[in-house]
Each structure stands twice: as C-alpha cells, then as structure tokens.
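> Following this message is one structure expressed as structure tokens.
The values are calculated or read from the model by the stated rules, or taken from the named source; none is laboratory data. Since we're looking at a predicted model, the values are computed, not measured. Glycine gets a Cβ as well: all are built from the backbone with ideal geometry, and neighbour counts include every protein chain shown.
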Amino acid sequence: MTLPATQVQPTPADQSTIDPAADAAVETHGLTKRFGSRLAVEALDMVVPRGAVYGFLGPNGSGKTTTIRMLLGLVEPNAGTRSLLGHPIPREAARALPQVGSLVEGPAFHPYLSGRANLARLDAADLWSDPRTARRRIDGALDRVGLLAAATKRYRAYSLGMRQRLAIAAALLAPRELLVLDEPTNGLDPQGTREVRHLVASLAEDGATVLVSSHLLSEVEQLCTHLGIMSEGRLVAQGTVYELRGSGVTTVCVTTPQSAEAAAVLQRLGVADVVAVRGEVRGQPGTLTPESMVEALVHAGVPVRGFVVTTPSLEDLFVGLTGEGFDVSG
C-alpha cells in the first residue's frame, strides 16, 4: 500500500515560530534506498527546520533507521540527495559531521573499560576534538546524562538503561548543532525516559536541532515541535505537531431523543456525513462552531442531552496513515 505524503502548510494560528522554508538542518529530495529487490525508502522528501525537535515515527520496518543511516553517510542511497546543516552529503560530510552528534541502533562500547574510559577513547579518535579539554568535556557529558557517579564503573556492569545514557553522552562530547537520536529511550524505565525527555528539551533550548526516532507516541507528543510519519518506506505526513493534529477530520456527536429532527437541523447547517443511530447523531462540522450548532438545535425545539466535538489524536492520525497501532505507553 502506498500513500501520498501529507505536507501541511503553516497557518497563522501555528504556535511554532520555526519556518520550514528557512535554512534547514536536514533536507532530502527523492531519497531512495533498495536492498536487493526490497524497497526500504522511497522518494523521501524530508525537511527538519533548524531549532526543531523533529519526531520521526513509524512502525518497525518502515524505513526510519535506514533513512537515518543515509543521512549520516553510513549507507549510500540509490537515488536522491541529502544535506545536513546546509552541507550536501557525502561531498561536504567533513564539514557537516563534526557538528552532528548521533545515536544509531544502540550503543557499542568496550565491556572491560569504564564509562569514562570508553568516552575518552571515542574522544581521542575524533579528529576535531581538543585533547586539552577532554576530561572536562567527558565529565560534563557524563554529568548531563546522570552517569558521573558511575564514571569509573566498567561498562559490562552497566544496566541497559545506563548503557543507553552513555551512548547519548558520547553524542554530547562536543557542542553539536544537530543531534540524531535513534530510539534514545530504549531500555529506560519511566524515570529514565523522563530524564531523557528533559535532556532533549534542554538541548533544544540551548539551540540544537534534534531529530529523534521513537516508538513512544506519548513521549513524542510532549517533546517534539515537528513530526514525520513513515509507512512502508514512504513519508506519509510531515509538519508541526499543531498542524498535524489539526489536519484530521473533526466529528460532532449530539445525544438527543429526537435524532431524526437533530439530523435534519445539522444537515441544513451544512454538517457533512450526518448519521443518526440510537439516540445519537454524528457528523463532520467542518468550520461550524459548537455554539452555532447548539443554538440551531435549541431554536428548532430539539432537546440536547449531550454535545461532544472530537478532534483526532496523534494516535488516530498515525493509525489512519499507516494502518497500524502504536505503543503509546510512557
């Protein structure tokens, strides 16, 4: 099944001040990747505005990690272009990647070394790092993810959540303009998940752009300013959280003992797809206000026992676009 991408245009009511058309932190055009006969990512047009916290959502196997690997130059696309911080990849990767911190497909560290020693090895291998400030930067990164007290503990003794936080610390060894985090809360308990959420928020407040792939919709909804939704290798929706939540179809439900009369009133007002069933009347009000509908019903002598307007949640939007459920636990 292929679905057209929903590209929602900004509106004056949009709460975000970020302009997607401005200098983008991440931008792709027609990005495509095949593995043999399998099409993993198809004609991806993604825009992550600078300063955004961009939630990258999709079922397992939808192409999120493959996309991230292509962005970072770890996998070569079959077609299309991509750029990071205004630099085309791979031609100007040496200019872009020093400004990018990433966590992709889980951490990989030496089990016999301490957390601090593992970060020291990574920092020493970074051609752009300053060895004179290494100790300060390493301890600062450990402190920011809550691991400073466990800095001398061997990695093999770390819990899964501690290992995930050490991987995030590795992405923070130097100031970054862009952070790309693939499932950063994987393995974390609720407290650890909240800490990572606060950490990402603080990084965004400091001016970094964050691209975060996650399977926890409740976390993404609290954390992100923008969303991109993947399904079967295609980007099926993209925009601010505010825009995407408003792009779904709003429904109205009237509870009344005179459902036939209520249905006739709503139809005269212009409510679409009016259906009357068992003392309830449902329809799509479009731009009609609740006040105008209730007023018309009352003036027509229709008793109104209940009146509810429902806007689809992000979970509803996700299921409608991908046909799959979502883990909404936090």
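> Look through the range 174-185, keep the residues that are within 15 Å of the chain's Cα centre (by Cα) and not hydrophobic (A, V, I, L, M, F, W, C), and return whichever of them is surrounded by the fewest Cβ atoms within 10 Å (Cβ to Cβ).
Per the stated criteria, the residue is Glu183.
> Still on this model: Any residue at all in the range 164-173 that's surrounded by fewer than 21 Cβ atoms within 10 Å (Cβ to Cβ) and charged (D, E, K, R)?
no
> Read through the list (1) assigned to a loop (DSSP other than H, G, I, E, B); (2) touching a residue at least 40 places away in the same chain (Cβ under 8 Å), then give the number of the only condition that Arg156 fails.
(1)
> Considering only residues of the range 220-240 that are hydrophobic (A, V, I, L, M, F, W, C) and in contact with a helix residue (DSSP H, G or I) (Cβ under 7 Å, 6 or more places away or on another chain), which is farthest from Phe35 (Cα to Cα)?
Looking at residues that are hydrophobic (A, V, I, L, M, F, W, C) and in contact with a helix residue (DSSP H, G or I) (Cβ under 7 Å, 6 or more places away or on another chain), I get Leu223.
> Just one of Leu103, Leu85 is in contact with a helix residue (DSSP H, G or I) (Cβ under 7 Å, 6 or more places away or on another chain) and on the phi > 0 side of the Ramachandran plot; which is it? Walk me through how you get there before you give the answer.
Numbers: Leu103 fails: on the phi > 0 side of the Ramachandran plot.
Result: Leu85 is the single residue among Leu103, Leu85 that is in contact with a helix residue (DSSP H, G or I) (Cβ under 7 Å, 6 or more places away or on another chain) and on the phi > 0 side of the Ramachandran plot.
> Right, Gly80: modelled with pLDDT under 95, touching a strand residue (DSSP E or B) at 6+ places or on another chain (Cβ under 9 Å) and in the same structural domain as Leu179 (by TED's automatic domain parsing) or not?
no
> In this structure, is Ala108 surrounded by 17 or more Cβ atoms within 10 Å (Cβ to Cβ) and either more than 16 Å from Arg165 (Cβ to Cβ) or under 30 Å from the mean Cα position of the chain (by Cα) (or both)?
no
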